[in-house]
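Worksheet: the structure to be examined is printed underneath.
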Amino acid sequence: MSNHLRTQSLVFGIPWPELNEGLFYSDVVPHSDSELTLIDFYSRKYKNSAPLQGWLQRIQNGQISVDGRVVKDPNTILSGDSVLVYHRLPWKEPDVPHLLEVLYEDDDMVALNKPSGLQVLPGGLFQQRTVLTQLCWSVKKQNSTLNSQETHPVPVHRLGRGTSGILLCAKTKVAKTRLAAYFADGTSRVRATSNRKAERSGTRKISKIYRALVTGILVDDKVIINQPIGIVRYPGVAKGLYVASPSGKPALSKVEVLERDEKQNCTLVQVEIESGRPHQIRIHLSFIGHPLLGDPLYIAGGQPRCFDPELVDESFAQDGSRSASLEMSY
């Protein structure tokens, strides 16, 4: 790493625009789908994005082009190799922080203090209001001495949107490759034993230590959790939801009690995660019967709360998508 470092506190960030820029999704029509109508193509292939009525609305809005030409007739016959582009209209993303504090920086990397509420990478409702966006905007404003082709500001790991803490970001492609390898190496060292328990082999180059406030009073001062984590189908989550699962991937967490609050019936703990499974801390702590205080999703046992279909508003937004009021917190 370079010796040109900055350790004094620095805060940067640009206020978010009212609306994001929307999104563009491209498809090339396979020959097997030639002769399909435009509405059949989208309503069959992307039925989880919107129902038939929603896709009709998008087409009639002029949000879909075929080979560069906007098409509003849903019964247009498609040809093989045609290029389709769907434009998701700009929308107002939920309010989130925009300021980021720099804790450490050199020519290769930067360590940020990520605030709670700010998502790291684009996904779901948050396509613009992310750490990645602020990093890119910051680099554009700076007159960097690095070759522009080498500059690559990107987080090399994730913190949950509701989690605050240190986030390492690479400023060059070389740094990204090396740091990502360090994180991946740590997770790969956690392996399942013959009885499906997780154990670590070797030492990590990067340690990940968190603090969390959990419900209830932990009796033991130290707890080791080696419950595997897998994916189950869950309404409202297209790629599935991570839960405690015997058939999942090995995961290992070490929990240490820092403070017990008998009056408030909660415990402050320190958690070192040896692996890096999605939502590992939330799942593991709920698995032992002590979910994070205020966690809207996971309950004792590392499972999600029962899905209530009455919480979902099935009305359509301006661009034909479902306007769901139930939001999954990650």
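When K205 is tested against (1) closer than 21 Å to V271 by Cβ; (2) at pLDDT 90 or above; (3) touching a helix residue (DSSP H, G or I) at 6+ places or on another chain (Cβ under 8 Å), just one condition goes unmet, and that condition is (2). Looking at region 48-64, is at least one residue open to solvent by less than 90 Å² (accessible area, probe 1.4 Å) and assigned to a strand (DSSP E or B)? For region 48-64, residues open to solvent by less than 90 Å² (accessible area, probe 1.4 Å) and assigned to a strand (DSSP E or B): present.
For residues in region 21-36 being in a loop (DSSP other than H, G, I, E, B) and in contact with a strand residue (DSSP E or B) (Cβ under 9 Å, 6 or more places away or on another chain), which is surrounded by the most Cβ atoms within 10 Å (Cβ to Cβ)?
By that ranking, first place goes to V29.
Table: residues versus (1) at pLDDT 95 or above; (2) under 21 Å from A184 (Cβ atoms).
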position	(1), (2)
I229	yes, yes
R233	no, no
V237	no, no
P246	no, no
V257	yes, no
S275	no, yes
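Being more than 19 Å from the chain's Cα centre (by Cα) and either under 24 Å from Y182 (Cα atoms) or modelled with pLDDT of 95 or more (or both) holds for only one residue in V110, V120, V139, and it is V110.
Within region 261-270, can one find any residue that is over 24 Å from the mean Cα position of the chain (by Cα) and of a type in the set (D, E)? Within region 261-270 (the criterion being over 24 Å from the mean Cα position of the chain (by Cα) and of a type in the set (D, E)), the answer is yes, since at least one residue qualifies. Applying the condition of being out of contact with any helix residue (DSSP H, G or I) (no Cβ under 9 Å at 6 or more places or on another chain) and of a type in the set (S, T, Y) to region 80-119 and asking which residue is farthest from I39 (Cα to Cα) yields Y104.
The residues in region 237-247 that are surrounded by fewer than 20 Cβ atoms within 10 Å (Cβ to Cβ) and under 18 Å from I299 (Cα atoms) can be counted, and the count is 4.
Evaluation of L10 against the conditions (1) of a type outside the set (D, E); (2) surrounded by 12 or more Cβ atoms within 10 Å (Cβ to Cβ); (3) modelled with pLDDT of 95 or more shows that the sole unmet condition is (3). Figure legend. Inter-residue proximity from region 119-139: first residues open to solvent by 40 Å² or more (accessible area, probe 1.4 Å), second residues among the charged types (D, E, K, R), beta-carbon distance below 6 Å, spacing 6+ or different chains. Indicated pairs: L125/E93.
The values are calculated or read from the model by the stated rules, or taken from the named source; none is laboratory data. What you are looking at is a predicted structure, and each value in this text was computed from that prediction instead of being measured. Note that each Cβ is placed from the backbone with ideal geometry, even for glycine, and that neighbours are counted across all protein chains shown. Side chains included, ligands, DNA and RNA excluded: accessible areas come from the protein's heavy atoms. Shrake-Rupley method; radii C 1.70, N 1.55, O 1.52, S 1.80 Å.
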